[in-house]
Amino acid sequence: MSELDFFAVCPPGLEPQLAAETGALGFKRGKPESGGITLKGDWSEVWRANLDLRGATRILVRLGSFPAVHLAQLDKRARKFPWRDTLEPHVPVRVEVSTNRKSKIYHAGAAAERIERAISEVMDAPITPEAEVAIKVRIDRDIVTISVDSSGESLHKRGHKVATGKAPIRETLAALMLRACGFDGREPVVDPMCGSGTFLLEAAEIAADLQPGRDRRFAFQSLATFDPDQFATLVRAGSGPIPDVAFHGYDRDRGAIENARANARAASVEDLCHFACQPVSELTAPEGPTGLVILNPPYGTRIGNKGQLYALYGTLGRVLASGFHGWRLGLVTSDAALAHATGFNLTSGPVIDNGGIKVKLYQTTIG
């Protein structure tokens, strides 16, 4: 197989964490860019990236590029593009185009129509917005760059979560924040407001060396480049040795705890995760070594009244200060004042988009 450029997408601001993950997994890296990192390899490396990367939201494979300064030229060159190298005949496709005023072709809808028509005629492929296979086209400075989304559904959809909470954090974002906090799978993790358990499930899967994509389907399985036998060699059966570490989740909402337990069972990490229904005021450190406390508490934007949250954050700070000496803290919130209501001297990371809300990860070591 020839070498490809493919782009692992992540939330802007977390590129260093994704770069560290790709390096740890042995991917051949190109340059980091805003919103992700370019990787290099053959199609089997694309499959492995989808299977193994916890922090990437999708993997885009660059198929080629050509100049075009008007729609007629785009139409002609799109018909000559080697679609058959990647697409299967008759498999439904959707086309998404982004452009800007730096190009003479700046009407995305008109550009999409030309490319859709070319694919439909060359491949005899239905064009539908519900198609699993998505062709991504970027027109910038009169250069048309064509990629295929090898993932399909966003990679935060691991394929085994059965229930979510009121304001969940995406699995990909949780994994990158765990890495930003220095978590490597060998220490306990406590989430005092765990909701459906996302932080703990990601931590437990990392500790158990489970592939994040082991239970789901990918769009690349519908491409002409897919080899099911070779792909099967990349999928690991089960986990590694059971780690001697535990992950503890608490929430005052009994329904959330039931959801977290169901999610842990579905992810095959129920033996590593311990959940209990209790308020923050009753939180105590588990016996054993220190580790990481990480949480995505309410911040008044989606749920709760912000005016009532300062007391909650203050209680959290007092409980942690009295019982978690030596533990590290990672706290996700959109409001710096709420974060500092804990009473800790916190450092903050870059602004991150969490489902349309701008948040930061605040960290400290509890003294």
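Ile242 passes every criterion in (1) surrounded by 14 or more Cβ atoms within 10 Å (Cβ to Cβ); (2) β-branched (Val, Ile, Thr); (3) under 26 Å from the mean Cα position of the chain (by Cα) apart from (1). In the set Ala276, Ala285, Ala264, only one residue is part of a loop (DSSP other than H, G, I, E, B), at pLDDT 95 or above, of a type in the set (A, V, I, L, M, F, W, C) and within 16 Å of Pro188 (Cβ to Cβ); that residue is Ala285.
Looking only at residues of the range 247-268 that are among the small types (Gly, Ala, Ser) and touching a strand residue (DSSP E or B) at 6+ places or on another chain (Cβ under 6 Å), we find that the one that is nearest to Ile206 (Cα to Cα) is Ala264. When the range 80-124 is filtered for residues that are over 11 Å from Ile139 (Cβ atoms), assigned to a helix (DSSP H, G or I) and in contact with a Ser or Thr (Cβ under 8 Å, 6 or more places away or on another chain), only Asp85 remains.
No other residue among Ala131, Ala224, Ala163 is outside the structural domain of Asn100 (by TED's automatic domain parsing), under 30 Å from Gln73 (Cβ atoms) and more than 16 Å from the chain's Cα centre (by Cα) apart from Ala224.
Per-residue answers, yes or no, for (1) more than 27 Å from Glu132 (Cα to Cα); (2) free of Cβ contacts under 8 Å to residues at least 12 places away in the same chain:
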residue: Lys161; (1), (2): no, no
residue: Phe183; (1), (2): yes, no
residue: Gly197; (1), (2): yes, no
residue: Glu202; (1), (2): no, no
residue: Gly213; (1), (2): no, no
residue: Gln221; (1), (2): no, yes
residue: Thr225; (1), (2): no, no
residue: Val235; (1), (2): no, no
residue: Phe247; (1), (2): yes, no
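Listed by first and then second residue, the pairs linking a residue in the range 1-28 that is in the same structural domain as Gly64 (by TED's automatic domain parsing) to a residue that is assigned to a loop (DSSP other than H, G, I, E, B) and of a type in the set (Lys, Arg), with Cβ atoms under 9 Å apart and 6 or more places separating them unless they lie on different chains, are Pro11/Arg170; Glu21/Arg54.
The values are calculated or read from the model by the stated rules, or taken from the named source; none is laboratory data. None of these values were measured; they are calculated from a predicted model. Neighbour counts are summed over all protein chains in view; Cβ atoms, including those assigned to glycine, are modelled from backbone coordinates with ideal geometry.
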